[in-house]
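Student: Once you've had a glance at the structure underneath, I'll fire off some questions.
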Amino acid sequence: MATTARPPAERVIAVRDLHVAFGANQVLRGFDLDLYRGENVMVLGKSGSGKSVLIKCIVRLLRPDAGRVEVLGQDVLALDQDQLDHLRVRIGFLFQSSALYDSMTVQENLEFPLRRHWLATARQETEALVDEVLDAVGLAHTRAMYPSELSGGMKRRIGLARTLILKPEIVLYDEPTTGLDPITGREIVELILKLQRQYNTSSIIISHDLNVAKLAANRIALLHEGRNRVEGSYADFLASDDPVVKEFFIFM
């Protein structure tokens with residue numbers, strides 16, 4: 001399969017020879033991946049293939065058994081806790097569940113990471129940041145609402161707003177369209193692209209949704225049997241004769 005040319009840009013994530021096992025279950029078996037500034041890379045794979053494990057290793061929510069992870073020029077596995085906390089401020093993580101606090105209003109959910117990282121010292125500054133990200137995701141009217149009052153798509157948007165409020169350089173998306181209807185899923189993908197342009201983010205998108213690959217990915221990496229089996233554009237994958245790649249397109 002032909003692969004897309006690497007963009008002439010700074011590499012912001014480098015994953016090398018990553019290994020992760022849970023008991024006898026070898027999840028990652030030497031996985032490699034690069035992310036360059038300004039691009040969206042989608043990691044495609046079946047459920048249980050290790051996609052979420054990969055991005056948890058990138059932010060060191062999980063420590064791999066072997067391998068190397070560099071983020072924004074820093075060796076993630078060598079950082080102490082204070083250094084890691086400072087690096088994590090520069091990385092946004094959109095959890096599959098959106099991970100909103102049920103007891104907090106939308107505004108309080110958005111303010112939480114600012115308080116946690118001591119980034120907004122004045123109330124006026126906090127209000128301005130909340131206004132900015134709510135406008136960015138098109139939900140300015142939800143400020144006083146609780147998560148139980150939001151639809152699934154709205155929760156995903158607020159989760160994204162909370163990720164963006166720290167102005168991250170990198171965003172990691174864990175199954176951003178899972179559990180959403182096709183129309184809402186497409187709206188989330190369009191929002192990802194809009195925010196990429198607006199905030200100049202670089203992103204890794206974890207998904208098995210080919211519509212996400214088609215619409216949002218500059219490059220696709222196929223995670224199969226713990227390794228990066230092949231990389232390419234959506235067009236490369238669509239034209240591929242690789243039987244593992246073709247499995248994903250059989251019902252299209």
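Student: Under a cut-off of 17 Å between alpha-carbon atoms, report the aspartates and glutamates in cross-link reach of Lys51, not counting same-chain residues fewer than 8 places apart.
Tutor: Asp17, Asp32, Asp34, Asp65, Asp174, Glu175, Asp209, Glu225, Glu231
Student: Here's a follow-up. Going by how many other Cβ atoms sit within 10 Å of their own, how do Ser103, Ser98, Ser240 line up, fewest first?
Tutor: Ranked by crowding around the Cβ, least crowded first: Ser103, Ser240, Ser98.
Student: Applying the Karplus parametrisation 6.51 cos²θ - 1.76 cosθ + 1.60 with θ = phi - 60° to the phi angles of segment 164-175, what ³J(HN,Hα) value in whole Hz is obtained for each residue in order, glycine and proline being reported as x?
Tutor: Here the 3J(HN,Hα) series is 7, 5, 8, 6, x, 7, 10, 10, 10, 9, 9, 6 Hz.
Student: Taking all pairs of distinct Cα atoms, average 1/r, flip it, and tell me the Kirkwood hydrodynamic radius of the chain in Å to one decimal place. Could the numbers behind the result be given before it?
Tutor: Working: mean 1/r = 0.0532 Å⁻¹.
For the chain, inverting the mean 1/r across all distinct Cα pairs yields 18.8 Å.
Student: Further question: When averaged across all projection directions, what area in nm² does the alpha-carbon convex hull of segment 174-218 cover?
Tutor: 2.9
Student: Let me check I've understood the local charge: for Ser202, count other residues with C-beta under 12 angstrom from its C-beta, Lys and Arg +1, Asp and Glu -1. What total comes out? Show your work: numbers first, answer last.
Tutor: On the way: positive: Arg11, Arg37, Arg90, Arg219; negative: Glu10, Asp34, Glu39, Glu169.
So the surrounding residues net to 0.
Student: Tell me, what does the Kirkwood hydrodynamic radius of segment 23-79 come to in angstroms if you use every pair of distinct C-alpha atoms?
Tutor: 12.6
Student: Could you give the length gained on full extension between Gln83 and Met104, defined as 0.36 nm per residue of separation minus the Cα-Cα distance, in nm? Write down the numbers at each step before the final one.
Tutor: Numbers: separation 21, 0.36 × 21 = 7.56 nm, distance 2.89 nm.
Once the chain is fully extended between Gln83 and Met104, it gains 4.7 nm.
Student: When ranked by the protection proxy of mean other Cβ atoms within 10 Å per residue, highest first, what sequence do the peptides 224-237, 157-170, 81-94 form?
Tutor: 157-170, 224-237, 81-94
Student: Give me the orientation-averaged projected area of the Cα convex hull of segment 117-246, in nm², one decimal.
Tutor: About 9.6 nm², averaged over all directions.
Student: OK, next. Given the options Leu79, Leu129, Leu33, state which has the largest fluctuation in a GNM of the chain using a 10 Å cut-off (strictly under) for Cα springs.
Tutor: Among Leu79, Leu129, Leu33, the largest GNM mean-square fluctuation belongs to Leu79.
Student: Now a separate question. Quick check on segment 11-239: of the DSSP beta bridges with both residues there, what percent are antiparallel, nearest 5%?
Tutor: 55
Student: Sticking with this structure for a sec: State the extension gain, in nm to one decimal, for the chain segment bounded by Asp75 and Ala14, taking 0.36 nm per residue of separation less the distance between their alpha-carbons.
Tutor: In short, 21.0 nm is gained.
A short reminder: the numbers here are calculations on the coordinates, not readings from a lab. In this text, all values refer to a predicted model and were calculated from it rather than measured experimentally. Glycine also receives a Cβ, built like all others from the backbone with ideal geometry; neighbour counts cover every protein chain displayed.
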